[in-house]
Every structure is written in C-alpha cells, then in structure tokens.
Amino acid sequence: MCQTRSQDQVEDPAGPIRIAARMYNNSNQGYFPSLQLQVSAGNKAAPQPVTNGTILGALHFVGYDGASWSDVIATGIEVKTTQNWSTSAHGAYMFFKTTANNTTAEAERMRIDQNGYIGINTTAPGSQLDVKGTLRLSGASSGYVGFAPADAAGATVYTLPNADGTSGQLLTTNGSGLLRWSSAPASTDITSTLITNQNFVGTYETAVAGEAIVFGDVLYLDFATNKWNKAKANAFATTPVQRMALETIAANASGKMLIEGFIRNDAWSFGAAAVYLSSGSPGAITTTQPSTPGDQVQRVGIAFNTNKLHFKPSLDVREL
C-alpha cells in the first residue's frame with residue numbers, strides 16, 4: 001500500500017533540509033525508492049492522456065534575490081512530451097536550463113531527446129552527441145585542444161580509420177568523409193626526371209586553350225572567354241603569365257598546363273639568369289628584360305640550365 005502526504009513548504013529549519021527515502025529488506029522484491037511526478041489531461045475523476053508538448057515534471061532551483069523569492073523559473077531540469085501519449089507511445093525528452101551571470105533569463109543548455117541523442121547548445125541534436133560550437137579537450141595539467149566547425153559547416157561526417165597509421169603517414173580523405181592513413185609523397189629528383197626533352201616536374205591542371213598553342217608557350221587567362229591564350233609583354237591585356245603549355249593543344253581544346261614547377265625544353269637556349277615574358281613573339285620567353293615604353297615587365301622564372309627552367313611566374317607586373 002502506498003501512502004501520500006503533501007506539505008507546501010518548510011520554513012526556518014533548525015538545520016539543513018534533507019529529503020530521504022529509505023527501504024529495508026528490499027532484495028529481489030522489485031521495489032525501490034523512487035520519486036514520481038505524475039500529470040494527466042482531463043481531471044481527477046476522468047484523467048485523459050497527455051498530449052504533445054506537455055511538461056511532465058520539473059525540478060527548479062529558486063533563491064531569494066534581496067527583494068523576494070523570485071517566481072522566475074530560470075535554472076532547473078524539465079521533462080516534456082514529444083508526442084500524444086497512448087498505451088503504446090510515451091515519447092518524451094529531458095532538458096537542462098541555466099541562467100547566465102547578471103541576467104534573469106533562462107536558456108536551455110543541454111537536451112536528451114526522445115531518441116537518446118544528446119544536444120549541447122542545440123535544441124535539435126542530430127546524432128548521439130551534437131555540440132553546437134567549439135569542443136574543448138583540456139590537458140591533464142594545463143592547456144587544451146579545441147575543435148570548431150566552420151560557421152556554415154555543411155553536412156560532412158568524417159569516418160576515422162580503424163587503427164593508427166605508421167610513423168610519417170598523413171591523414172587523407174577520399175572526398176566523401178572517409179579518412180585513411182596515406183604515405184607522404186616521395187621527394188622527386190628533378191635531375192633524373194628532366195633527362196628527356198619536353199618533360200616536367202610540378203603542379204599542373206587541364207584547361208581549355210583559346211588558340212592553338214605548343215609545348216613551352218606561356219599563357220594568360222582571357223576572362224571574357226575563360227580560356228588560355230599566348231601572352232605577350234607589349235600589351236597589358238595579354239598579361240600576366242600564369243600558365244605554361246605542357247603539350248600541343250588545338251584552339252578550344254583541353255590540355256595540360258603547368259602552374260608551377262621545373263620544365264625542360266631543348267628549344268630554349270638560356271644562360272643562368274632570370275627569365276621574362278617576351279615582347280616579341282606571343283607565348284615566348286627570354287632572358288632579356290623588355291625595354292620598350294608600354295611593355296609589361298614580368299619575371300616568369302629562373303633558368304638553371306640552357307634548356308631547363310624553374311617556372312614560377314611572379315604576379316608583380318610593372319609597365320615601362
């Protein structure tokens with residue numbers, strides 16, 4: 001038999017107030033101390049099922065603020081239904097509220113949703129643990145490591161490898177969120193790579209040519225067509241050089257273009273000197289700096305052999 005007793009308040013205790021429930025001889029009986037907060041729709045004579053959004057119970061913490069026992073419920077724990085209840089549907093979530101210093105307004109800080117998802121600083125957790133903002137891991141003695149998403153973070157879920165990598169490996173992605181350990185790119189000996197004509201080491205892309213070009217032509221981007229054409233130093237509109245052709249490419253066709261790197265072309269005959277965009281033939285380069293008024297002076301690289309060039313075009317272009 002269960003007996004109940006209610007009391008509105010206890011004032012001026014001789015010592016701390018403690019509420020305790022104690023049971024004896026409880027083993028294997030299926031009974032244990034519990035605190036139940038019960039609510040229904042309807043009335044005592046005809047209770048009805050609670051509906052979605054009903055607060056099932058709350059534990060609030062209120063103090064005297066110097067003027068009154070505030071009725072503002074600002075810090076506590078509440079449980080609220082997430083569906084209309086029936087004999088087979090009892091969905092509910094629990095949330096925790098606190099009040100920031102120098103305010104009286106409550107704010108939800110954490111939620112355990114009806115599906116078990118835990119949200120911190122979010123009222124709609126989308127996974128087992130959903131943190132909106134920075135996640136900080138503090139060191140055992142000092143300092144911390146923090147992780148923060150971009151403000152507009154997209155919707156990427158990263159899957160970690162199932163084991164640690166080996167020393168020197170890099171963590172890479174397959175472009176779909178699957179992370180794996182990969183060996184670092186090996187260093188390249190450019191001397192052994194550039195032993196044949198029209199070879200290169202470096203970064204390149206595949207892009208569209210606006211006119212017919214050949215290996216070694218230096219190129220500028222025509223923004224109107226978004227195509228690459230042969231550059232020439234005697235006009236501002238045909239600069240700056242940003243690419244070099246790595247193969248013969250027909251007009252309006254795609255081909256490889258060097259962005260930066262080392263390249264060999266036996267058609268060149270350089271000294272060990274800076275190399276500039278030529279004001280003569282379109283797409284040509286030279287170790288002679290342009291000198292005609294109106295020419296655009298742009299260094300596109302450094303020759304380290306008669307037929308080898310470190311192609312690294314400067315975007316510092318000046319007009320004579």
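FYI, it's all coordinate maths here, none of it is from the lab. Just so we're clear, the structure is a prediction, and the values are computed from it rather than from any experiment. Virtual Cβ from ideal backbone geometry, glycine too; neighbours counted across all protein chains shown.
Data table
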| read-out | value |
| --- | --- |
| Ranked packing of 112-122, 296-306, most packed first, by mean Cβ within 10 Å | 296-306, 112-122 |
| Centroid-to-centroid separation of the range 140-160 and the range 239-309 [C-alpha atoms, Å] | 44 |
| Using a Förster distance of 45 Å, the FRET efficiency for A153-H60 (Cβ separation, nearest 0.05) | 0.85 |
| Sites V201 and A140 - FRET efficiency at Förster radius 45 Å, r taken between beta-carbons, to 0.05 | 0.45 |
| Under 5 Å, built H, 5+ apart or other chain: amide partners of R299 | S314 |
| Whole-angstrom Cα spans of the chain along principal axes, big to small | 105, 49, 45 |
| Estimated distance in nm for a label pair at F223 and D189, the labels positioned 7 Å out from Cα along Cα-to-Cβ | 4.5 |
| Compactness of the range 63-170, expressed as Rg and Dmax over alpha-carbon positions, Å | 19.8, 65 |
| Spacing of the two label points (7 Å from each Cα toward its C-beta) at H90 and L171, in nm | 4.1 |
| Whole-Hz ³J(HN,Hα) from phi, Karplus 6.51 cos²θ - 1.76 cosθ + 1.60, for the range 171-182, glycine and proline x | 8, 10, 10, 8, x, 10, x, 8, 8, 8, 8, 10 |
| Amide H contacts under 5 Å for R243, placed H, 5+ residues apart | L219 |
| Integer Hz, Karplus 6.51/-1.76/1.60 couplings in order for the range 261-274, x for Gly and Pro | x, 10, 9, 10, 9, 5, 6, 7, 8, 9, x, 6, 7, 5 |
| Loop chymotrypsin sites (Phe, Trp or Tyr not before Pro), the range 139-237 (other Cβ atoms within 10 Å of the site Cβ: 14 or fewer; DSSP) | Y158, F223 |
| Sum of side-chain charges, L56 neighbourhood, beta-carbon under 13 Å (Lys, Arg +1; Asp, Glu -1) | 0 |
| Neighbourhood net charge (11 Å Cβ-Cβ; Lys/Arg +1, Asp/Glu -1) for V208 | -2 |
| Cβ-based net charge around I249, under 13 Å, with every Lys or Arg adding one and every Asp or Glu removing one | 0 |
